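Input: a single structure, listed below in structure tokens.
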Protein chains: 2
Amino acid sequence: MQSITTRQFLLKSRWGWSSLSNSGLRFQQTQTATKGLDEYNKPEVITEVPGPETKKLLKETDAIQNTRAVSLFCDFEKSKINYLVDADGNKLLDCFQQISSLPLGYNHPAILERSIQSAAIMANRPALGSFPSKDFPRLIKNSLLRASPSGLDQVVTMACGSCANENAYKSLFFWYMRNQRGEELPVMGDEAFISCMKNQPPGSPELSILSFDGGFHGRTLGALSTTHSKPIHKLDVPAFDWPTAPFPKLKYPLEEHERENAEEEARCLAVVEDLIEQWKDTRPVAGMVIEPIQAEGGDNHASDDFFRKLRNIATKNKIGFICDEVQTGMAITGRMWAHDYWGLETPPDIVTFAKKMLSGGYYFSDEFRWKDGYRVYNTWMGEPIKLVLLEKVLDVVKEQDLVFQAENTGHYVVNGLRQLEKMFPELLSAIRGRGMFIAADITEAGKRETFVKKLLQKGVLLGVCGDHSIRLRPSLFFTPAHADILLDKVEETAREMRS
Amino acid sequence: MQSITTRQFLLKSRWGWSSLSNSGLRFQQTQTATKGLDEYNKPEVITEVPGPETKKLLKETDAIQNTRAVSLFCDFEKSKINYLVDADGNKLLDCFQQISSLPLGYNHPAILERSIQSAAIMANRPALGSFPSKDFPRLIKNSLLRASPSGLDQVVTMACGSCANENAYKSLFFWYMRNQRGEELPVMGDEAFISCMKNQPPGSPELSILSFDGGFHGRTLGALSTTHSKPIHKLDVPAFDWPTAPFPKLKYPLEEHERENAEEEARCLAVVEDLIEQWKDTRPVAGMVIEPIQAEGGDNHASDDFFRKLRNIATKNKIGFICDEVQTGMAITGRMWAHDYWGLETPPDIVTFAKKMLSGGYYFSDEFRWKDGYRVYNTWMGEPIKLVLLEKVLDVVKEQDLVFQAENTGHYVVNGLRQLEKMFPELLSAIRGRGMFIAADITEAGKRETFVKKLLQKGVLLGVCGDHSIRLRPSLFFTPAHADILLDKVEETAREMRS
């Protein structure tokens with residue numbers, strides 16, 4: 001047991017442990033959720049980070065490709081659940097987990113075992129759209145369909161998140177044009193067949209996808225045209241001339257700024273309606289795409305009410321509604337899908353996924369299903385081994401109640417950070433989160449990189465987003481015990497930066 | 001030994017076995033290349049294809065997603081090298097190999113073994129651009145760099161072929177704009193940073209990629225704007241307004257139509273030059289993308305001279321030259337890369353790959369390397385396990401001289417098909433190939449589907465391409481013995497279709 005710090009004392013006295021969960025019993029369970037899992041007790045930093053071995057590897061790699069985005073090199077064999085061991089042997093509490101890609105952390109025994117049992121599947125990668133394995137229908141039922149969002153019973157797999165969004169946009173355009181024509185394809189001999197081969201309308205229609213300032217949906221040319229998080233992603237790349245709406249800029253904590261936040265959301269919704277109207281005669285909006293929480297763009301939240309109204313605008317205007325859950329999906333927000341919080345009357349038309357789902361892809365309603373072959377297609381179309389592993393991930397998530405744990409531990413972390421915010425307002429502000437999908441702003445301009453580096457030196461690895469935010473994307477086995485380590489190290493760092 | 005058929009007799013007498021290779025000794029070797037590999041002796045069809053089990057699985061899968069492109073369901077456990085076993089137990093000589101994705105066929109023991117040894121790597125998929133494994137530099141050297149095209153010592157991995165091309169285009173735009181500006185990024189505060197966030201020039205520049213009629217480069221929105229093989233891939237999807245040049249429509253066999261083919265190629269080259277000039281003031285051509293043999297579009301060939309001249313046009317106009325070797329790469333054409341045949345003075349600027357390389361990605365010259373981080377980036381950026389397997393594939397290809405074997409067996413197959421073409425001109429025409437990258441036209445309109453179905457019923461699985469062509473994309477272990485089975489079955493089918 002660790003001794004009780006000031007922060008923990010404040011936490012205890014203000015909320016009390018039991019109020020952090022709906023049930024005292026369950027909270028006990030989450031505290032012991034990594035019991036039985038082989039893990040390290042605490043971070044241990046034995047060199048500067050990055051250390052000499054990392055620097056050597058960086059130089060070697062840089063001869064082959066640009067390495068400016070490389071943070072460190074991993075020793076995956078030695079890494080355990082929440083702890084990443086780097087090439088220099090430093091044990092880091094990893095709150096970022098390969099950009100939110102590892103649902104159960106490093107080397108979870110069930111996933112390791114399943115990988116070894118299923119290794120042969122790796123040796124024969126199918127062209128999944130034409131020659132799937134005889135196990136495929138069973139596999140997809142036991143993996144993706146077990147996790148499917150309410151109302152969406154169709155699903156296709158893709159290799160990554162960008163491809164998921166690109167193909168979701170295509171599905172949406174097919175649906176839109178089918179509605180225009182009243183049938184899936186034009187009649188044979190129609191001009192559309194000829195003009196599309198030259199990238200010209202009517203075959204290549206001038207339609208658009210409406211997206212939001214600060215949104216991130218990938219970096220291939222279609223997806224990138226809907227990405228608006230940072231100039232470095234977009235600069236010098238030709239883009240589709242598609243409309244961009246403002247995403248609400250809310251004040252945190254949300255519950256303390258309800259009225260002004262509602263006004264800001266109303267303003268954004270009005271712009272969305274205006275844009276749909278304005279673009280009708282040039283490039284009609286066929287659909288919109290939005291993240292439940294804008295991640296790369298800065299962990300920007302909006303209210304459930306905003307999303308419900310947005311969905312209704314889409315329905316009213318007969319345009320598609322794509323919910324990009326590439327980063328928010330798979331339990332981390334305290335729901336299997338973040339949009340489960342919204343209480344929608346009509347589900348999203350399409351929900352895209354990747355990262356913690358291990359495979360890219362998207363769910364969609366029957367109405368968005370295309371009728372002809374080869375319209376959404378490519379050689380690999382994802383990969384069955386990912387579904388084999390996903391099946392096991394879902395078993396563990398269910399058995400260990402990890403969706404609930406994410407919500408529960410999330411409250412604990414947010415409360416802890418809010419205490420630190422009060423103690424160090426010059427460093428931390430705008431603490432926000434849903435489940436363990438948590439972020440904070442670094443108050444003082446230009447201090448983020450120092451903060452993140454200092455924390456790394458103490459053995460805690462965070463992600464960043466937007467211009468001045470830090471983000472947590474821990475594994476689903478991140479417990480209050482891990483949170484305490486994180487909060488202690490943040491407090492230590494804050495004190496150092498103050499002095 | 002099989003008895004000698006008419007076709008084999010003709011083959012023997014016209015070319016003689018020895019002339020099929022550069023060295024009689026080596027030809028002996030290729031005949032026995034599958035010795036020691038566990039394989040079936042011949043196709044065996046025990047049900048209608050598709051059989052009852054396949055039909056059941058098709059119905060099950062169709063409840064979840066469109067299955068119009070599904071040919072059959074595979075029993076991967078029972079499949080061996082060149083033989084695919086389907087869900088009904090039919091053993092098929094697979095000349096298509098998961099759309100040309102399996103270099104060494106099904107369940108090659110070395111690949112199986114490596115998969116099992118390396119299974120743990122599957123359990124910890126890294127965010128490769130930021131947190132690679134400490135083995136990564138070694139791994140990339142032992143895999144991709146061993147196969148790198150001459151002159152291209154930089155490489156990045158991507159999840160699939162479409163992403164490879166999308167990011168190659170981006171690299172090309174970065175290079176082009178750097179040349180315009182004289183530096184990697186505009187000065188801070190430049191209008192480009194603001195305008196790109198709204199998809200507007202100058203930050204999102206109006207540049208284009210020149211592509212070719214009949215070309216195929218993928219189905220995401222950027223890649224799809226350079227794809228011009230079939231309307232069904234493009235219809236209803238917004239596209240970039242980019243120029244398309246004619247690809248030479250040559251007469252086969254190439255060696256018998258040299259003069260008229262050269263005229264056709266000169267015509268196409270002139271159009272390329274015109275287009276570059278014409279687009280200068282609207283959407284300048286930043287580069288061009290071309291396949292060494294247009295695959296999906298119909299296995300359309302052009303001469304080495306055509307490609308040399310095209311490359312020179314790119315150099316002269318200071319635009320980039322991307323060679324899309326997604327389908328032609330990795331030995332199947334009788335060279336590691338099909339463009340190795342061309343004898344270029346200046347290598348391509350970028351060579352993209354996927355399929356038989358197991359990972360997507362692209363090679364590029366140092367000049368095309370971007371200087372800043374995150375310009376070409378995504379969460380997964382391919383996957384290390386693919387490189388682990390690729391390393392083993394390259395070992396086997398080298399040890400067993402499979403590049404040479406592809407060239408050699410390819411001559412044998414082409415010669416065999418040309419004999420059949422003489423015997424059945426109403427069925428087969430325009431036999432063409434490089435190595436085992438071989439195709440033929442089905443002469444009589446509308447007969448292709450019947451031909452392919454009949455052949456499948458006899459246990460031979462082919463691919464199709466273009467409107468009326470069939471294509472072979474066998475494993476690198478396809479030998480003259482397998483070719484004999486293929487040719488026999490084609491002959492049988494041709495006789496049946498005539499009667």
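Looking at A:L139, A:L172, which one is farther than 27 Å from B:S130 by Cβ, crowded, with 24+ Cβ neighbours inside 10 Å and under 26 Å from the mean Cα position of the chain (by Cα)? Show your work before the answer.
Values: A:L139 fails: crowded, with 24+ Cβ neighbours inside 10 Å.
One residue alone meets the criteria, A:L172.
Inside the stretch A:219-271, can you point out the residues that are in contact with a Leu (Cβ under 8 Å, 6 or more places away or on another chain), within 14 Å of chain B (Cβ to nearest Cβ) and not in a helix (DSSP H, G or I)?
Selection gives A:T220, A:S225, A:L235, A:V237, A:P238, A:A239, A:F240, A:W242, A:P243, A:T244, A:A245.
Filter the stretch B:193-217 for residues that are in contact (Cβ under 8 Å) with a residue 60 or more places away in the chain and facing chain A (nearest Cβ under 7 Å); which is surrounded by the most Cβ atoms within 10 Å (Cβ to Cβ)?
So, considering only residues that are in contact (Cβ under 8 Å) with a residue 60 or more places away in the chain and facing chain A (nearest Cβ under 7 Å), the one surrounded by the most Cβ atoms within 10 Å (Cβ to Cβ) is B:L207.
Across the stretch B:58-85, which residue is surrounded by the fewest Cβ atoms within 10 Å (Cβ to Cβ) among those that are at the interface with another protein chain (Cβ under 7 Å from one of its Cβ atoms) and over 29 Å from the mean Cα position of the chain (by Cα)?
If we take residues in the stretch B:58-85 being at the interface with another protein chain (Cβ under 7 Å from one of its Cβ atoms) and over 29 Å from the mean Cα position of the chain (by Cα), then B:E60 is surrounded by the fewest Cβ atoms within 10 Å (Cβ to Cβ).
Consider only pairs whose beta carbons are under 9 Å apart and that are at least six residues apart or on different chains; among these, list those whose first residue lies in the stretch B:430-459 and is within 21 Å of B:G329 (Cα to Cα) and whose second residue is among the acidic types (D, E) and open to solvent by less than 10 Å² (accessible area, probe 1.4 Å).
From residues that are within 21 Å of B:G329 (Cα to Cα), the pairs are B:R432/B:D299; B:G433/B:D299; B:F437/B:D299; B:I438/B:D299; B:A439/B:D299; B:A440/B:D299.
Name the residues in the stretch B:218-241 that are touching a residue at least 40 places away in the same chain (Cβ under 8 Å) and surrounded by fewer than 21 Cβ atoms within 10 Å (Cβ to Cβ), would you?
B:K230, B:D241
Checking A:V49 against (1) touching a residue at least 24 places away in the same chain (Cβ under 8 Å); (2) farther than 19 Å from A:F96 by Cα, which single condition isn't satisfied?
(2)
Looking at (1) part of a loop (DSSP other than H, G, I, E, B); (2) in contact with a Pro (Cβ under 6 Å, 6 or more places away or on another chain), can you tell me which one A:G89 breaks?
Failed condition: (2).
Among the residues in the stretch B:383-403, are any in a loop (DSSP other than H, G, I, E, B), assigned by TED's automatic domain parsing to the domain that holds B:F174, open to solvent by less than 20 Å² (accessible area, probe 1.4 Å) and closer than 30 Å to A:F216 by Cα?
yes
Name, by its number, the condition in (1) crowded, with 22+ Cβ neighbours inside 10 Å; (2) outside any loop (DSSP other than H, G, I, E, B) that does not hold for A:I116.
(1)
For A:T47, only one of the following conditions fails: (1) open to solvent by 10 Å² or more (accessible area, probe 1.4 Å); (2) at the interface with chain B (Cβ under 7 Å from one of its Cβ atoms). What is its number?
Single failed check for A:T47: (2).
State the number of residues belonging to the stretch B:88-113 that are open to solvent by 20 Å² or more (accessible area, probe 1.4 Å) and within 7 Å of chain A (Cβ to nearest Cβ).
Here the count works out to 2.
Just give me the residues in the stretch A:253-263 being under 30 Å from B:T379 (Cβ atoms) and either free of Cβ contacts under 8 Å to residues at least 12 places away in the same chain or buried (at least 20 other Cβ atoms within 10 Å of the Cβ) (or both), in sequence order.
none
Only one of (1) surrounded by fewer than 21 Cβ atoms within 10 Å (Cβ to Cβ); (2) modelled with pLDDT under 95; (3) of a type outside the set (V, I, T) is not met by B:P52, so which one is it?
(2)
Hey, can you tell me all the residues within the stretch A:331-361 that are open to solvent by less than 10 Å² (accessible area, probe 1.4 Å) and either acidic (D, E) or within 14 Å of another protein chain (Cβ to nearest Cβ) (or both)?
A:I350, A:T352, A:F353, A:A354, A:K356, A:M357, A:S359, A:G360, A:G361 - these are the residues of the stretch A:331-361 that are open to solvent by less than 10 Å² (accessible area, probe 1.4 Å) and either acidic (D, E) or within 14 Å of another protein chain (Cβ to nearest Cβ) (or both).
Tell me, please, whether a residue that is out of contact with any Gly (no Cβ under 9 Å at 6 or more places or on another chain) and either of a type in the set (D, E) or part of a helix (DSSP H, G or I) (or both) can be found in the stretch B:93-101.
yes
Checking the structure you have, find out if any residue of the stretch B:476-498 is in a loop (DSSP other than H, G, I, E, B) and closer than 25 Å to B:F216 by Cα.
The answer is yes; a qualifying residue exists.
The values are calculated or read from the model by the stated rules, or taken from the named source; none is laboratory data. Keep in mind it's a predicted model, so treat the numbers as computed, not measured. We place every Cβ from the backbone using ideal geometry, glycine too, and count neighbours over all the protein chains shown. In case anyone asks, the SASA skips ligands and DNA or RNA and just uses the protein heavy atoms, side chains included. Shrake-Rupley method; radii C 1.70, N 1.55, O 1.52, S 1.80 Å.
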